[in-house]
């Protein structure tokens, strides 16, 4: 009898657990061991800001527990178990049990690395003080919720104006806190067009969130006074969300190929090491419009990487179609959505591109409720090929980004978009959908 | 000096006014005359049920008045002016002024026929009694609103269970009326899959709307008692929506090609008569999936037909991409959406088709508000080509039909749909969007 396939998965979040599940589903006899350094696997991290703001039970975010993966799917999930090294020659993962402080080795035939990313903490004095948080893993959310319950903070300073802190701003306001956002750069959402970002700034202002850009945070003292080059901001709660970096320190000094710390993979999620696959926030991912790898650590991408990578580890031959860079988030009553490239991103990547931005209603003329959105389409001159789209406006109307994501997948031109048979129904869309309104303008400039 | 191009447009609603506007925009010197038998041009007819239910001002639905078309766009719009005949040889339209009862002729170089459709009134005794309405043109809505204001009816019987009466049911309930829907056929929404229609029936029932199918309405008496083979239904308000028929009686006995009363056009909206174009509810329209003309009288289709037909009349050479048959409406808190073909429609048209239906959440796992929708994908066996999609469920989630409309336009397969980079954001969509959940199931059966 053949010995069973030995699979090790490093990291028990979206990518890792998707991979583990795929392999076990396809090869029943495989021995699949997942080592996860934290206490949770398979949870909806993107829901954390809302769980805080709507005062949900933190366990609501858990999709499956480690025990459930064992009992339902036959996967040996080891929590508080950190991969601290890999020997790709002898095909061994060195694991440290955090609870027992014991180290041991796991032999693999196939390895999936889904070790994720960690919050980047800028070199600010006092950034580890009590009351200064990050919001990356479920334990971070637990800590924040316990602190809010206990200390009932009234003044939040959020360092970094990325989408996590924008979502958190809404949710801390929901809890009645004053919120100030400090951003080091001179603007926010720099991969969006200015005319759309203006709507986000207005929405923050309308909801009493103070946004300070171009500010250098020097120090956070023990009473949580945040000292900057633009004055001191008093706080009793601080969250830092200044980007993430791949969790790949344990791979340094190994022959696996990294790029800016992220694992290089092909469209099958194979690394350059034999039998070793990777995906999720620790790895690059193929971008369909750019036709090259990018680093874009998002939950959807991690799930797909795990699913397809896992299938391929189990013998499938699935080529990943690629991402087109779709992102969507809510800021109070507005939605902020993007897919593909901004004008600058397109130009930086060598496209002769132009953009067209319109504002249009999202409900029918005369309907009792009137919504509106701004739509920006970025396209290539001459060919008219769609390169990207952005939608900012009333939250109910920004779903249209998924239509543009489909259009990008299919390499549609502005002319194609004009031809789309989009729905018309007074509560949902006007007779000329905002996407069509924008395409009808853009076509004149192709 | 050349004499100006003489253009006549029959019908002043979506198709006709779009065509007139396009021509005038492209050829400033053109003399464009629109004859409209009613009192309104360019209004959002689909908004009428909501205007009744939310007690809006009926004029809110008017986009532009006849006077505005004259002053702003230089179009000679003649209201209460009915086209009663066309001589395609001598290129003349015979017009009857309803106000003055005068008849006269208009000579044209180019003619656009956008005469629309009228409500089909089944041969039921008493169908023209006072208190029995139809809801097709703005004057119908005016009459209904005046009647409701005056008589304050309490019991509505709606004859026909198409989307107009379903929308009206919601809105009459909003006004506090009891509502019974009587449908002659044995089911409702027969071009949807049963498992999705069940959700619509439940929503009607949950909202106290009585639906009776397979019922033969015999007679409506003067006190609005509706007599049927399933008993008598008391009413003080009746609306009949039993389908529409093209307004083309004035073209009978002319050589223009009709099919079941609808004008036959090509993908440039040309009829078989020299210089004569047609579009909107009086004409057929090209269906991209079926690769042939169909009759599908909807506002979006009419607008596109007018826009493209008008451009072509002014010298452009725009081929219409075709509809894919997208429809969307709301029934109380549920949305009902379809694009492309149902399983039966696909099979009836010679496709070796299968369907896959799932139910899935529309918000992230653990998000405080949970929505859900049923998604059905119809695809071709072997190739996996998408042929249609239906979405029924919480109104907030049914917009996804537009993603499927884009997929249909692009001839995507189920595999392609699996590859779409759809947005993930807790308030808007779970990490696996319902469309992807359905595609992940459907792929197993391709």
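I'd like the full set of residues that are assigned to a loop (DSSP other than H, G, I, E, B) and in contact (Cβ under 8 Å) with a residue 60 or more places away in the chain, limited to region A:131-155. Within region A:131-155, A:131, A:134, A:135, A:136, A:137, A:153, A:154 qualify.
Against the condition within 24 Å of residue B:118 (Cβ to Cβ), touching a helix residue (DSSP H, G or I) at 6+ places or on another chain (Cβ under 9 Å), free of Cβ contacts under 8 Å to residues at least 60 places away in the same chain and not assigned by TED's automatic domain parsing to the domain that holds residue B:81, how does residue B:285 come out, does it pass? Criteria not met by residue B:285. If only one of B:328, B:298 is within 16 Å of the chain's Cα centre (by Cα), in contact (Cβ under 8 Å) with a residue 24 or more places away in the chain and within 21 Å of residue B:194 (Cβ to Cβ), which one is it? From the options B:328, B:298, the qualifying one is B:328. Can you spot a residue in region B:375-387 that is touching a helix residue (DSSP H, G or I) at 6+ places or on another chain (Cβ under 8 Å) and under 23 Å from residue A:299 (Cα atoms)? Looking through region B:375-387, at least one residue is touching a helix residue (DSSP H, G or I) at 6+ places or on another chain (Cβ under 8 Å) and under 23 Å from residue A:299 (Cα atoms). Of the numbered criteria (1) in a helix (DSSP H, G or I); (2) out of contact with any helix residue (DSSP H, G or I) (no Cβ under 7 Å at 6 or more places or on another chain); (3) surrounded by fewer than 24 Cβ atoms within 10 Å (Cβ to Cβ), the one residue A:411 fails is (1). Taken over region A:52-94, the criterion of being touching a helix residue (DSSP H, G or I) at 6+ places or on another chain (Cβ under 6 Å) and outside any loop (DSSP other than H, G, I, E, B) is satisfied by A:52, A:53, A:58, A:61, A:73, A:77, A:83, A:84, A:85. Within the set B:431, B:437, B:398, B:392, the sole residue that is closer than 25 Å to residue B:368 by Cβ, modelled with pLDDT of 95 or more and not in a helix (DSSP H, G or I) turns out to be B:392. Consider region B:21-47 and keep the residues that are in a helix (DSSP H, G or I) and more than 9 Å from chain A (Cβ to nearest Cβ). The one that is surrounded by the most Cβ atoms within 10 Å (Cβ to Cβ) is B:23. If only residues of region B:95-112 that are free of Cβ contacts under 8 Å to residues at least 24 places away in the same chain and in a strand (DSSP E or B) are counted, the one that is surrounded by the fewest Cβ atoms within 10 Å (Cβ to Cβ) is B:102. Among the strands (runs of 3 or more DSSP E) confined to region B:331-380, the ones with at least 2 residues that are within 11 Å of chain A (Cβ to nearest Cβ) and either modelled with pLDDT under 95 or crowded, with 21+ Cβ neighbours inside 10 Å (or both) are located at B:334-340.
Residue check: is residue B:280 within 25 Å of residue B:13 (Cβ to Cβ), at pLDDT below 95 and crowded, with 18+ Cβ neighbours inside 10 Å? So residue B:280 does not fit the description; no.
In this entry, residue B:406 is excluded by the filter for residues that are within 25 Å of the chain's Cα centre (by Cα), closer than 21 Å to residue A:338 by Cβ and either more than 8 Å from chain A (Cβ to nearest Cβ) or surrounded by fewer than 22 Cβ atoms within 10 Å (Cβ to Cβ) (or both).
Any residue at all in region B:250-270 that's surrounded by fewer than 17 Cβ atoms within 10 Å (Cβ to Cβ), out of contact with any helix residue (DSSP H, G or I) (no Cβ under 7 Å at 6 or more places or on another chain) and not assigned by TED's automatic domain parsing to the domain that holds residue B:291? Taking every residue of region B:250-270 in turn, none turns out to be surrounded by fewer than 17 Cβ atoms within 10 Å (Cβ to Cβ), out of contact with any helix residue (DSSP H, G or I) (no Cβ under 7 Å at 6 or more places or on another chain) and not assigned by TED's automatic domain parsing to the domain that holds residue B:291. Count of region A:189-198 residues, restricted to those that are surrounded by fewer than 18 Cβ atoms within 10 Å (Cβ to Cβ) and under 18 Å from residue A:339 (Cα atoms), is 4. In this structure, does residue A:53 turn out to be outside the structural domain of residue A:275 (by TED's automatic domain parsing) and either more than 27 Å from residue B:429 (Cα to Cα) or free of Cβ contacts under 8 Å to residues at least 40 places away in the same chain (or both)? Judged against the criteria, residue A:53 is not a match.
The values are calculated or read from the model by the stated rules, or taken from the named source; none is laboratory data. As the structure is a prediction and not an experimental result, all values here were calculated from the model. Backbone-built Cβ (ideal geometry, glycine too); neighbour counts: all protein chains shown.
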